[in-house]
Amino acid sequence: MGLEGVAAISQRMYEIRSLVEGSTLSATSTTNVTSSSASSASGTSSSSGTAFAAALAEAVTGGSSTRLNGDGVPVELAAYGNGKIPASALAQVGTTGHRLWAPAAEKLTQLIAGAAADGVTIGITDSYRSYEAQVDVAERKGLYKNGGLAAVPGTSDHGWGMAVDLALDDTAQAWMREHADEYGFTEDTPREPWHWGFHG
């Protein structure tokens, strides 16, 4: 990333910091924030920078402690590996028997209840997949990149407990497209309108 990119990010961080702290810094301070942020980007850190990063993360995520790695996977899950998530990091979606990463399970439970309140039924056909289950699906349904329906084993969002396959009639599909984002879910896989990923 060039200096212009660092400066733009630093300026945005400054704006968010001002909102978080409820204060306004002078133009000179903005320059100093930009310079210190550039230093931080090159490997220098400070306790105030760490506190600011925590405040920034809280402001962006609405108070969630979820940190993502460079691939957009929650750090707590990435430590286990795709398809290797222990039961203790998963939670059941309502009374369905299906399991997802705990925050995703909670939101999907809320989503299903929200749909039911609107008279819409949303079912689940698949949720978390172990690595072995991913291998099985790939063998049975073929790889997506070759025209099939399975991700390369070890790369599936199902293996992070962050994707679900839903049983949707036309009414439920329309409801999902209108409301799923309110619960952190998106229809994120072409050719698979039943596949919904959790993005918080």
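Some points to look at:
- Top-ranked residue in the range 141-185 [being among the basic types (Lys, Arg) and farther than 15 Å from residue 196 by Cβ; ranked as surrounded by the fewest Cβ atoms within 10 Å (Cβ to Cβ)]: 145
- Filtered residues of the range 91-108 (kept if farther than 8 Å from residue 127 by Cβ and in contact with a Phe, Trp or Tyr (Cβ under 6 Å, 6 or more places away or on another chain)): 104, 107
- Among residues of the range 125-142, those that are farther than 23 Å from residue 200 by Cα and touching a strand residue (DSSP E or B) at 6+ places or on another chain (Cβ under 6 Å), counted: 3
- Criterion: open to solvent by 50 Å² or more (accessible area, probe 1.4 Å) and free of Cβ contacts under 8 Å to residues at least 60 places away in the same chain - qualifying residue of 116, 105: 116
- Scan of the range 170-197 for residues that are in contact with a strand residue (DSSP E or B) (Cβ under 7 Å, 6 or more places away or on another chain) and in a loop (DSSP other than H, G, I, E, B), ordered by number: 184, 188, 189, 193, 194
The values are calculated or read from the model by the stated rules, or taken from the named source; none is laboratory data. Values in this document were obtained by computation on a predicted structure and should not be read as measured data. Methodologically, a virtual Cβ is constructed for each residue, glycine included, from the backbone with ideal geometry; neighbour enumeration extends over all protein chains shown. Just so you know, the surface numbers come from the protein's heavy atoms only, side chains and all, with ligands and any DNA or RNA stripped out. Shrake-Rupley method; radii C 1.70, N 1.55, O 1.52, S 1.80 Å.
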